[in-house]
Structure formats: structure tokens, C-alpha cells
Amino acid sequence: MTSPLALPDREQALAHAAGLVLDSWRGFDRARPIQPALDEGLRARLDGPLPERGSDAGDALTLAAAVLDASLSQPRPRYLAYVGSSGLEIGVLGDALAAAHDLNAAVATGGADLFERQALRWLAELIGFGAPFDGLFAAGGTISNLTALAAARERALPGFRASGGDGRPLALYCSAEAHYSVRRAAELLAIGSRNVRALPLDGRRRMDVAALGRALAADLRAGVVPVAVVATAGTTLTGAVDPLDELADVCAEHGVWLHVDGAYGLPAAATASAGALFAGLDRVDSATVDAHKWLAVPKACSVLLVRDGGALERTFGHHESYIPHGAELTHPVDRTLEYSRPLRALKLWLAFRVHGAAAFRDAIERNLAQAGLLWRLLSDHPRLEPLHEPELSALCFRHVACASGDVEEDRAATAALVRAIEADGRIYLAAATLDGVPCLRVCFVNHRTTDADVEAVVEVVDELACALGAAPSPAAA
Ligand SMILES: Cc1ncc(COP(=O)(O)O)c(C=O)c1O
């Protein structure tokens, strides 16, 4: 008897879906002049009641593709907000294949686990994490950071997972510009976000190492248990890379776990031009790398590399009666907090296998050069100003139209400019605040972005800021 959920004409549906995917890839190859709005007809079609009877898969897929086409897609070459992703084509195919098999990468799969082992090894080699290493794939940098810090807490206070600690206060240390996932982890791990020591920055917006030494010494004197130091290798705001070697010295002196949040920036460790910034990576206890950011594969594909895999097992190992274990039978679930776990590794494995490490290095170098190009264009521009030199590929800048000196006025002008940029649709970026200064921020992580797209940022921002009327127009200037 046929399954009630068998897909009629599945060959046709697959061919149709493949055509739609190809259309979207062609659409991502070049920037488009506008960001189309979702038309009312499509909006209405997304508002209907639950269908009692099914309908044609081809029509449903066409409708889905039309709605997606009017949505904000990060793979477009001029999507420069936040830290985007690129929907790498081979990764999309890997996701489709992995979803078709739909295995659960939480328990031993008898084969697919090997993708995870090999992709981890290739990634560690690419960025120079060094041996020994172990690790896992996770749903985003937030989860990888949480996982690492859970392991660090269990090492700092063995048995915490069972007993809830011994009443002593705990603390985490990071720079003032660390990602908020560090505070979130502190909240979830009963460390408390107030016990995150957000340390001052040095002149390059990196964690001040001397301040870390002082904070650790003061906490140890006061009976506080240091759980971990979280270095950021590529801050979200400006791309600053904390000095890993010096931080490793301090952590070694005090016996504290050193975790690196390289969710955004760590792939740049593979490049000739930025690699030196990451010196000391071979001395850290753990590192987060989001392959869905600068390694271009579709979301979400975060990797946590750890020096000691046993630390994960001591933190997450569970022996349930319905999951058989044995000397030869171990399960990824004993090292992670997820149970139903898609095979995230396949898309990264395919990406390395199909493109090779050199292509990734080249793509990242291009993005680094694009940040440098934008910095030069802004520096030479009469009405635009970069707010810092790029360490990696993120850059904050502002327009004179949004630089009156009155913070509230400038915040409102910057917000109006971002709204104008969104309505215009040629580029996409977001507002940020740097040292209290309202500004615009871009981040280059997309392999499709070209130098012409970088030039478009300058043209579009200047044109729209002048059109808002707050600045002299290019002709008058
Ligand atoms: C430095 C850093 N850490 C962590 C994260 C969180 O990653 P995810 O969004 O994959 O959870 C981000 C996100 O941009 C980030 O830039």
C-alpha cells in the first residue's frame, strides 16, 4: 500500500527544485540593483488556513522560491551586515544529501561519523590548531562557546554538573568586546553574567593582558574560582584578535582554561597576511570556529575544537539504558548537549574536498583585501570616515551627515540612513556603536563580494546620506 506521505511525481519535483536552486545561485552571482519587497499576492498566499488536502509540489516549491527571493539572503554579494554566510553551493548539495539520509549524528552511525573526524582534522590543520585535538560540530558559535565553557567549568570544579558547585563564586574573563554568547553561557552555566569580567581593551581593541593578570590575581585572593578566559579571535564589532600567546602565558601561570571564540575570525589564521595575529593558537584549550561564517558553508555549522576530548565526556557523558555503550561503541551524544543532531560535518567535508584549502585561503585573503580597500576609500573620502583600521574584515565607519557630535542626534541620523539604505536595496548593512559613537558597520566574509561591491558601499552611503539633506551634496562639496 502506498504511504499517505509518498511524494507524487518525485522525479519531477526534484528536477523542479534543482532548477529553482540553480536560479537562486545565478541570482547570487552578481549584485542586483534592488531588494524586491514581498508583493501582496504572495503575502496573502502565506496567510491561508491549514490545507486539508495536499497540492502540487512544483507549485508549492515555486511559491517558496518566490518568497525567498524577496527575503534577505546572506549569500548575496552586497549583504554586508553582521557576520553573514554564503550558502556555498557544494554545501547546499551536502545538506540536501545529508537531509535525505537524515541520520542522527548523536549516536554511532557506522560510517558518517568519519566525515566528522576528517572534517575536524582538516579544519584544525587549516587554521593551525595543532595536536592533540578533538572536537565536535554544533549548532552555532553560541552553542560551541557554551559547550567549551561547560567543559571548563567541570575541569575547574570537578563534579559541578552533579552537585551544583560548592558555594564558591565562579568567574569568566573576556574582553569588553567579546560576543554576548559569553555572557549567555555564564547565565546558563550558573556562573552568572555579573561574574563575567569584561576587561578593558588595549590600543588595538584587544583584551588588555595586564588587566587580565590583575583580575585573576584579585579573584584568586578573594576565593573566586576562575572557570575560563575567553579570548576573541575576531571580535564581531571590529575584528580585533586578542593576543593568544600572551593570554596563554597568563592562563598557564594560573592553571585556567583558555577558550578562543573564533566563530567569525579564526579561518583567517590560515592566511599569509593575517596568520601571525593568531600566534599561540596551538597553546589554547579550546576554540570555536563557525564554518557557516568565513568558511562559507550554509548555516549552521559550528565547530568546537578541544585539546582534551575527555573533558567533553566528563561534562556530557550519559549512560542511558536505551543507548548501548561498549569499549568499541561510543556516541557523539556523550560529548555534546544536543541529541537529535543533523550531520553538519558533511557540508564542510565536501567543501574542503571539492575546493581544497588553497581556494579557502584565497577567498579569505580577498575579503581581507576588501576591508583594506574600503578603509582606503573611506580615508580618502571628503564625507566618510573609518573609525578604526581593519584588523580582519569588519569595519566601522560614519558619514559626516551623522557626525554632529551630539550622540542622540547622530544615532537618529544613522538610523535614518540605515532605513534609507534598506529601502534603496543596492547594499545591505547595519548600524553599530563604537566607543559610544553611532556608526555603520560592514563585514566581508562572502566569497562572491567583488571590489566593485566595495566601491558601491562608498557610493550608496554617500549618495543616500547627502540625499537625506543633512550633508552638503557631492556637487556642492
Ligand atoms: C565572535 C562571535 N562569537 C559567537 C557568535 C555567535 O555565533 P552563532 O550566531 O553561530 O551562534 C558570533 C556571531 O556573529 C560571533 O561573531
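On the basis of the beta-carbon distance and an R0 of 45 Å, residue 102 and residue 366 show a calculated FRET efficiency of 0.80. Applying Stokes-Einstein at 20 °C and 1.002 mPa s to the Kirkwood radius of the range 95-352, computed over alpha-carbon pairs, gives a translational diffusion coefficient of 116 µm² s⁻¹.
Rounded to the nearest whole Hz, the Karplus-based 3J(HN,Hα) values (6.51 cos²θ - 1.76 cosθ + 1.60, θ = phi - 60°) of the range 428-438 follow the sequence 9, 9, 10, 7, 8, 9, 10, 6, x, 9, x, with x at glycine and proline.
Computing FRET efficiency as 1/(1 + (r/R0)^6) for residue 37 and residue 117, where r is the C-beta to C-beta distance and R0 is 45 Å, gives about 0.45. In sequence order, the range 287-293 has phi-based couplings of 8, 9, 10, 8, 5, 7, 9 Hz under the Karplus curve 6.51 cos²θ - 1.76 cosθ + 1.60, θ = phi - 60°, and Gly or Pro positions carry x.
Distant-in-sequence amide contacts of residue 296, defined by a placed amide H-H separation under 5 Å and a gap of 5 or more residues or a different chain, comprise 86. Normalising by residue count, the range 381-467 has a Cα convex hull of 94 Å³ per residue.
Averaging the Cα positions of each part gives two centres, and for the range 371-397 and the range 259-286 these lie 23 Å apart.
Can you give the percent of C-alpha pairs in the chain whose distance is more than 38 Å?
Cα-Cα pairs of the chain separated by over 38 Å account for 32 percent.
Across the options 119, 188, 2, the greatest Cα extent toward the positive end of the charge dipole of the chain (unit charges at beta carbon of Lys, Arg, Asp, Glu) belongs to 188.
Descending by average beta-carbon neighbour count within 10 Å, the peptides 268-278, 42-52, 385-395, 414-424 line up as 385-395, 268-278, 414-424, 42-52, the highest first.
Taking other C-beta atoms within 10 Å as the exposure proxy, 257, 25, 122, 294 rank 25, 122, 257, 294 from fewest upward. Residues whose amide H falls under 5 Å from that of residue 257, counting only those 5 or more places apart or on a different chain, are 229, with hydrogens built in the peptide plane. First check a/c for the range 131-216, with a ≥ b ≥ c the square roots of the eigenvalues of its C-alpha gyration tensor; if it is under 1.5, answer rounded, and if not, answer prolate when a/b is larger than b/c or oblate otherwise. It comes out oblate by the Cα gyration axes. Amide H contacts for residue 225 (H built 1.01 Å from N in the peptide plane; partners 5 or more residues away or on another chain; cut-off under 5 Å): 170, 171. The HN-Hα couplings worked out from phi for the range 175-180 by the Karplus form 6.51 cos²θ - 1.76 cosθ + 1.60 (θ = phi - 60°) are 7, 4, 10, 5, 5, 5 Hz, whole numbers, x standing for Gly and Pro. Pairwise Cα distances in the range 335-409 exceed 18 Å in 63 percent of cases.
Read-outs: derived from the displayed coordinates by stated rules, not from any lab. Note that the coordinates shown come from a computational prediction; the quantities given were computed from them, not determined experimentally. Using ideal geometry, Cβ is built from the backbone for each residue, glycine included, and neighbour counts are taken over all protein chains shown.
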